[in-house]
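The values are calculated or read from the model by the stated rules, or taken from the named source; none is laboratory data. Just so you know, these numbers come straight off a predicted model, no measurement behind them. So basically every Cβ, Gly included, is an ideal-geometry build from the backbone, and we count neighbours across all protein chains shown.
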Amino acid sequence: MAKSGWQRKDLLGIAELERTEIEAVLATAASFHEVATRPIKKVPTLRGKTVLNLFFEPSTRTRSSFEIAEKRMSADAINFSTAGSSLSKGESLLDTTRNLQAMSPDVLVIRHAHPRVPHQLAARLDTSVVNAGDGAHEHPTQALLDAFTILQHREQLDGLRVAILGDIEHSRVVRSNVLLLRKMGASVVIGGPYTMMPRSAEALGVDVAYSIDEALEGADVVMMLRVQTERQSRMSIPSADEYFALFGLDRARLRRANEGALVLHPGPINRGVEIASDVADGRASLILEQVSSGVAVRMAVLYLLAGGAS
Amino acid sequence: MAKSGWQRKDLLGIAELERTEIEAVLATAASFHEVATRPIKKVPTLRGKTVLNLFFEPSTRTRSSFEIAEKRMSADAINFSTAGSSLSKGESLLDTTRNLQAMSPDVLVIRHAHPRVPHQLAARLDTSVVNAGDGAHEHPTQALLDAFTILQHREQLDGLRVAILGDIEHSRVVRSNVLLLRKMGASVVIGGPYTMMPRSAEALGVDVAYSIDEALEGADVVMMLRVQTERQSRMSIPSADEYFALFGLDRARLRRANEGALVLHPGPINRGVEIASDVADGRASLILEQVSSGVAVRMAVLYLLAGGAS
Amino acid sequence: MAKSGWQRKDLLGIAELERTEIEAVLATAASFHEVATRPIKKVPTLRGKTVLNLFFEPSTRTRSSFEIAEKRMSADAINFSTAGSSLSKGESLLDTTRNLQAMSPDVLVIRHAHPRVPHQLAARLDTSVVNAGDGAHEHPTQALLDAFTILQHREQLDGLRVAILGDIEHSRVVRSNVLLLRKMGASVVIGGPYTMMPRSAEALGVDVAYSIDEALEGADVVMMLRVQTERQSRMSIPSADEYFALFGLDRARLRRANEGALVLHPGPINRGVEIASDVADGRASLILEQVSSGVAVRMAVLYLLAGGAS
């Protein structure tokens, strides 16, 4: 498989990528997406390659999506979590990863609570680094899988109107998505509770709505964000019921969007909080397709970083 | 390998199975049992298949038995535990598993503290589900491996007398074993402390003895159950010494059973509580054979659910 | 590949090994070391073999080094940790491992807080056992990888002067290294704070220095040990700054050693405590090479124990 359009050692964020690089990932993902439909869902592409998964924050979805992608590519996957690691012995993250690098892995997949940790490591390591989420900064494979999912149902992103709704300020998903969508020619409107909107929303180059109804007008795609119910008290947001009444996506509200608008959510969803069950499970919802797309996109990223002759 | 006698998508419990289906699993297990004796203990049967292991209760034995079975079949095994999963973020189990299903696994192996959770998931998922223990309800692969182990030493189960002794009420092992043994033509007597006997023991279709000596009379097979010493205070059972004196299996007691009676225990054993060390390590004991059988039976189940052309 | 010079079932400690056996491991490791430099870092040598990793103490470095070695040899790796295991249900370690053995693994890699646990298990199990650290007793693969690393830069160990500095008393690394270095003809001097020196240091057959400056005189190799900062209060050692002033290896001190002396550290390092950052990252430092050597040495050990026809 040709790897035209991709030269980078790492995938750190959407911020760094050119439009052609985004297109390269999406085109590669399309060719891997089909693998999941085969009886034998495995390709020998990364046989003999080692991928280290370093997750310093809890994660079911992203971690398992990467692990499945790795195994489906025939790579060897090695998992680390914070508990039981040398980090608890006071070693610096850079020393830990340098040590891991000395074992000659081919790719390091890292999630960390602090922004730009993957960038700092990538600058110091020869190994390819994939950012699987760095604080509220970026989550590039999520934005890529969202774009890939939309493109299974739309010809192009160019010209689409995308509404992103909910806890904008604390979301790395938003940041990566806004960057990607704008680079690909879509327009974006964000909306959510006042206390969850960033101070300088306009600086993102997006339109800002303070009511969800206003944000939905004319939207071709609606991306709902998860309410971090576990942080609720700290964030002084209303109760789940109040949140749903004011900002939740139900069927009536969804009708404000364009005919046939697509609904996405990065998961895990809170039914009856940010999204009604019948919308989450309805015809417009691509939530489970996003999960399948995630494996294909991550296979593509691993291939572009570690596959074939270099 | 032919899969005659098996049509099901899932293995949820012994309750659902016909005698011919039980025989199909046992016959398939026999052909995989031999693999463990080879220098290269691996067959390519499930190459390219993915098995997700979801254990919501601690387990060394069952989890590792499944994982070894999966790897010996060349499947890709992905492990989840409760800690660090989205479940801690309040997502429903059904949503979590739907998401996992969207990654196109071939089999989901699940252990959960609540009865019938595997059944509920199986009804809603296309993926094959294996019940690895649901509360005090069923543990079908345990009953199948017990039967397989007995059949390494006896021509048939038909006509055998099996005594199951100990904490009957809280045991999923008992339920699955009673169901299987009766379907296969064995007769079962249960016995244990009064506080550990179910209210309606006769409804199980078994004989009930309130002394271990009485239960052992005429037994061809003796299945001892683990005393959950960690729950002892809650269950108001006597001390370990008292328990052993009243209900423990020692050599003298074992002589009440038929000549050459077989001794089984699902493990982990409490030496000197429900079983004497010399019995656990003695000639009659099949405890370690049960462990080997477990791998073979789980290979068979995985094969019947995910192997070959469908 | 020939396995001349190796007949043992287990690798328990350096104490048991003959010089020719140490040489056999090192020669085998040399042939595997090259694998890490290939684009496809995998050999089929242990395909179909199962290795169980039982770590009863936290470990990033050693555990992941073994796991990478196992996967690079195409073995199936199964991981256990204490949490969630039957051990928490009161089962004895011997019963647990007997059960694991009944699943027919080929090798058991074990780390345990108590000395000689691997030896006791090895005596009772047919499965090969590798000691990955038993209390303050032995850590044979660490000593072997240290020797292997030195031999990448020196013709032989014979005649070298090795200074081992720091927390001598609590270190399994020291014990295994002293045993190995002496068997191979090197001379060893140990030094460290008075409270960290063993009562009977001379019994080890090494020279003893109570100042680091004295210990460094004439050294060809300097092995620094980790200060267990997490145990600091218990061990009544001075503050990190004081420790560094008195016992830390900085550039000025290193000049007391022989021209071109090599610096090793088992990691994780405490920068500015037992070693200055510029020394740890400097030209003399082999710290990251030790990590690479670790994978090669563990591949060699696994090969000698489980590889080829038996």
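Within the stretch A:235-253, none of the residues are within 19 Å of A:Leu286 (Cβ to Cβ) and β-branched (Val, Ile, Thr). Hey, any hits in the stretch B:180-196 for a residue that's in contact (Cβ under 8 Å) with a residue 12 or more places away in the chain, hydroxyl-bearing (Ser, Thr, Tyr) and within 18 Å of B:Ala143 (Cβ to Cβ)? Looking through the stretch B:180-196, at least one residue is in contact (Cβ under 8 Å) with a residue 12 or more places away in the chain, hydroxyl-bearing (Ser, Thr, Tyr) and within 18 Å of B:Ala143 (Cβ to Cβ).
Counting only residues that are part of a loop (DSSP other than H, G, I, E, B) and either at positive phi or touching a helix residue (DSSP H, G or I) at 6+ places or on another chain (Cβ under 6 Å) (or both), how many does the stretch B:158-191 have?
Selection size over the stretch B:158-191: 6.
Report yes if some residue within the stretch B:213-235 is among the β-branched types (Val, Ile, Thr), in contact with a Ser or Thr (Cβ under 8 Å, 6 or more places away or on another chain) and more than 14 Å from chain C (Cβ to nearest Cβ); otherwise report no. So far as the stretch B:213-235 goes, no, none of its residues is among the β-branched types (Val, Ile, Thr), in contact with a Ser or Thr (Cβ under 8 Å, 6 or more places away or on another chain) and more than 14 Å from chain C (Cβ to nearest Cβ).
The residue that is surrounded by the fewest Cβ atoms within 10 Å (Cβ to Cβ), counting only those in the stretch C:56-71 that are facing another protein chain (nearest Cβ under 7 Å), out of contact with any strand residue (DSSP E or B) (no Cβ under 7 Å at 6 or more places or on another chain) and part of a helix (DSSP H, G or I), is C:Arg61.
If C:Asp213 satisfies every condition in (1) charged (D, E, K, R); (2) in contact with a helix residue (DSSP H, G or I) (Cβ under 8 Å, 6 or more places away or on another chain); (3) more than 16 Å from C:Leu254 (Cα to Cα) but one, which is the exception? Condition not satisfied by C:Asp213: (3). Of the residues examined, A:Leu225 is not one that is more than 15 Å from A:Thr149 (Cβ to Cβ) and assigned by TED's automatic domain parsing to the domain that holds A:Ala132. The residues of the stretch B:118-134 that are among the polar types (S, T, N, Q) and not in a strand (DSSP E or B), listed by number, are B:Gln120, B:Thr127. What are the residues in the stretch B:70-90 that are charged (D, E, K, R) and at pLDDT 80 or above, if any? B:Glu70, B:Lys71, B:Arg72, B:Asp76, listed by residue number. Within the set C:Arg199, C:Arg172, the sole residue that is closer than 22 Å to C:Leu302 by Cβ, in the same structural domain as C:Val263 (by TED's automatic domain parsing) and out of contact with any Ser or Thr (no Cβ under 8 Å at 6 or more places or on another chain) turns out to be C:Arg172.
Select, from A:Leu249, A:Leu264, A:Leu286, the only residue that is touching a His at 6+ places or on another chain (Cβ under 8 Å), touching a residue at least 60 places away in the same chain (Cβ under 8 Å), closer than 23 Å to A:Ala209 by Cβ and not charged (D, E, K, R).
Result: A:Leu286 is the single residue among A:Leu249, A:Leu264, A:Leu286 that is touching a His at 6+ places or on another chain (Cβ under 8 Å), touching a residue at least 60 places away in the same chain (Cβ under 8 Å), closer than 23 Å to A:Ala209 by Cβ and not charged (D, E, K, R).
For every residue, the table says whether it meets (1) aliphatic (A, V, I, L, M); (2) surrounded by fewer than 23 Cβ atoms within 10 Å (Cβ to Cβ); (3) in a loop (DSSP other than H, G, I, E, B).
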position	(1), (2), (3)
C:Glu242	no, yes, no
C:Leu246	yes, yes, no
C:Ala252	yes, yes, no
C:Arg256	no, yes, yes
C:Gly260	no, yes, yes
C:Gly267	no, no, yes
C:Leu304	yes, yes, no
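Of the residues in the stretch C:8-29, how many are touching a Phe, Trp or Tyr at 6+ places or on another chain (Cβ under 8 Å) and of a type in the set (Gly, Ala, Ser)? Here the count works out to 2. Restricting attention to the stretch C:276-292, the residues being closer than 24 Å to C:Arg172 by Cβ and out of contact with any Asp or Glu (no Cβ under 8 Å at 6 or more places or on another chain) number 8.
Before we move on, is B:Val129 away from chain A (no Cβ under 14 Å), more than 22 Å from B:Gln290 (Cα to Cα) and crowded, with 24+ Cβ neighbours inside 10 Å?
The answer is yes for B:Val129.
Of the residues making up the stretch A:21-49, those that are within 14 Å of chain B (Cβ to nearest Cβ) and of a type in the set (Val, Ile, Thr) are A:Val35, A:Thr37, A:Ile40, A:Val43, A:Thr45. Within the stretch B:269-283, the set of residues being outside any helix (DSSP H, G or I), more than 10 Å from chain C (Cβ to nearest Cβ) and over 14 Å from B:Leu165 (Cβ atoms) comprises B:Gly272, B:Gly282, B:Arg283. Assess whether C:Arg61 counts as being at pLDDT below 95, charged (D, E, K, R) and touching a helix residue (DSSP H, G or I) at 6+ places or on another chain (Cβ under 9 Å). Criteria met by C:Arg61.
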